[in-house]
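Here the structure is laid out as structure tokens; the discussion comes afterwards.
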Amino acid sequence: MGYTKFKEMIRLSAKAVPAPEGEQEKWIDTIFTEQPYLANVYPGDTREIGIVFEIKSGSIEYFNLGVKPIFRENYVFGNARANINRGYRITENCIGCGACLAHCPQQCIEPGTPYRIEPTHCLHCGACSESCPSGAAERLAGGEKP
């Protein structure tokens, strides 16, 4: 995960595996050529102690926390799937009281029958769930629809 001074966050979710043994030297040479300052960190033969890893598929989630409501985008590469169904949803148990709306720090809940959470702007903080008297605001497990 990375964070900028502009309150942007990037989260990479992937599995890193060692590059094939026959490609390790080639990649180490490439890395040291592109980033010559590493020769000061790993002088002489010590650069050979490193292991190069590959990430061939994964997902990237971008958040801009500097705007209100927050902005979120998901990207995938390789054969990965984005897990965009995290956070909370409001079920049919909603009684329309608006307690969730009043407690949402991002104002990403829309009135209706039932009320609806805009997942792109949800912080996943759980304030809606904690304030809901009917238990209609529930946390999503990955793969569920908002």
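Computed from the coordinates by the stated procedures, all read-outs in this text should not be read as laboratory data. Source: prediction; values computed, not measured. As a convention, Cβ positions derive from the backbone with ideal geometry for all residues, glycine included, and neighbour counts pool all protein chains shown.
Computed values, structure above
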quantity	calculated
Mean separation of Cα contacts under 8 Å, 6 or more apart, over the residue count of the chain: relative contact order %	21 percent
Cleavage-rule hits, GluC sites (Glu not before Pro), the stretch 52-146, DSSP coil, Cβ neighbours within 10 Å at most 14	Glu92, Glu144
Helix 24-34 axis, angle to the chain major axis (alpha carbon atoms, nearest 10°)	80 degrees
Inter-probe distance in nm under a simple model that places probes 7 Å from Cα toward Cβ, at Thr120 and Tyr3	2.5 nm
Isotropic mean projected area of the C-alpha convex hull, the stretch 2-77 (nm²)	6.6 nm²
Proximal lysine pairs, the chain, alpha carbons under 23 Å, eight or more residues apart or interchain	5
Residue order, fewest to most surrounding Cβ atoms within 10 angstrom, among Ser134, Ser59	Ser134, Ser59
The stretch 88-139, Rg to Rh (Cα coordinates; Rh as Kirkwood inverse mean 1/r)	0.88
Built amide H within the under 5 Å cut-off of Val76, gap 5+	Ile60
Interchain or long-range residues, amide H under 5 Å from Gly87's placed H	Leu140
Scattering profile of the stretch 9-140 at q = 0.10, 0.16 Å⁻¹ [log10 I(q)/I(0), Debye over alpha-carbon scatterers]	-0.54, -0.84
FRET efficiency, 1/(1 + (r/R0)^6) with R0 30 Å, evaluated for Ala102 and Ile10 via beta carbons	0.45
Length added when fully stretched, Glu92-Ser134, from 0.36 nm per residue minus Cα-Cα	14.1 nm
Mean separation of Cα contacts under 8 Å (6+ apart) over length of the stretch 60-102, as relative contact order %	24 percent
Summed residue charge, Cβ within 14 Å of Met9's Cβ, Lys/Arg positive, Asp/Glu negative	+1
Gain in span if fully extended, Thr113 to Tyr75, counting 0.36 nm per residue against the direct Cα distance	10.5 nm
